[in-house]
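The values are calculated or read from the model by the stated rules, or taken from the named source; none is laboratory data. Because the structure is predicted, anything quoted here is derived from the model rather than measured. Glycine also receives a Cβ, built like all others from the backbone with ideal geometry; neighbour counts cover every protein chain displayed. Ligands, DNA and RNA are excluded from the accessible area calculation, which covers all protein heavy atoms including side chains. Shrake-Rupley method; radii C 1.70, N 1.55, O 1.52, S 1.80 Å.
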Amino acid sequence: MSTNKQRRQAAQRHLQRQLERRADQAKKRRRNLGILLTALAAVVVVGAALLITGVLGSDDEPDDQAAPSSSAPAATSSAARTTNPDGTVACEYLPDESGNPDLKDVGLPPTPEATPTQGTATLRMATDQGDLTLTLDRAKAPCAAASFVHLTDVGFYDNTPCHRLVTQESFGLLQCGDPTGKGSGGPSYKYAEEVTPETTYPRGTIAMAKTAAPGSTGGQFFLCFTDVTLPPQYTVVGTIDEAGLGVLETVAAGGIQGSDGPGDGAPNIPVQITDMAVV
């Protein structure tokens, strides 16, 4: 017959085994939860990448819609330009030979071999919903700024629609700059992205659209009316004034037609750029 001491010892051993089993079960639950969260994060990243490509990839390769990887190395400023002794940069604008019929021949930006890297350029983007003032930063993105000014000077943006509106969480933007209004148009040249690993897209940002391929920046651009979560693959070329942001928010409040999925499509309130001018 067991003694009280033996029964207490047996009970303690039983309790210890229960505690060990519970600890092991808790450890397994934490591990499984971690696996689930990792999988969900991967799904979110992939979904965001697909959204990025669908929204922003269209200038010169409309059929090349492979989603960019968020882990892919970002292009750097040196990919788009080389610095001259006088502080200007030499930008490389390459002919787009993709065979895309929606490209428009507008020549190349002037003096690409000596592009300024100081100061700003101010553009008035007049639309049928109100005017936006765009300030281009020559120091941050000299090649993109020079291209934007060139396309403005030759009337590339005049009488063109803003074809896509996105109103999703962490993703509020209006995309413009395609004369065809289909998302596949652009100028007859392309150039490399001017980005760093620290590039971000806060509210008020103007950034250049591209396809999934590197070195595919052209003429399309997007205007961020919220902080936008994107990998650092799209050249930030400038900022929008507060009055312009008010125009964008009014358009966003009107909703979308939803042709490309929930929160993504042509705006219900059409936006036509009637005139883009350097001021």
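At-a-glance table
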quantity	calculated
Pair-distance profile P(r), taking every C-alpha pair of segment 113-181, with 10 angstrom steps and integer %	18, 43, 32, 7, 0
Relative contact order (percent, whole number), segment 115-199, Cα cutoff 8 Å, 6+ residue spacing	19
Segment 98-146: projected area of the alpha-carbon convex hull, averaged over directions, in nm²	5.3
Segment 72-161, relative contact order [Cα under 8 Å, separation at least 6], %	24
Cα gyration tensor shape for segment 147-279, rounded if a/c is under 1.5, else prolate or oblate	rounded
Neighbourhood charge, 11 Å Cβ-Cβ cut-off, centred on residue 179 and excluding it, Lys, Arg +1 and Asp, Glu -1	-1
Calculated SAXS-style log₁₀ I(q)/I(0) at q = 0.10, 0.11, 0.14 Å⁻¹ - segment 76-228, Debye, Cα scatterers	-0.34, -0.41, -0.68
Accessible area expressed per residue, segment 206-279, with surrounding protein chains retained (probe 1.4 Å, Å²)	33
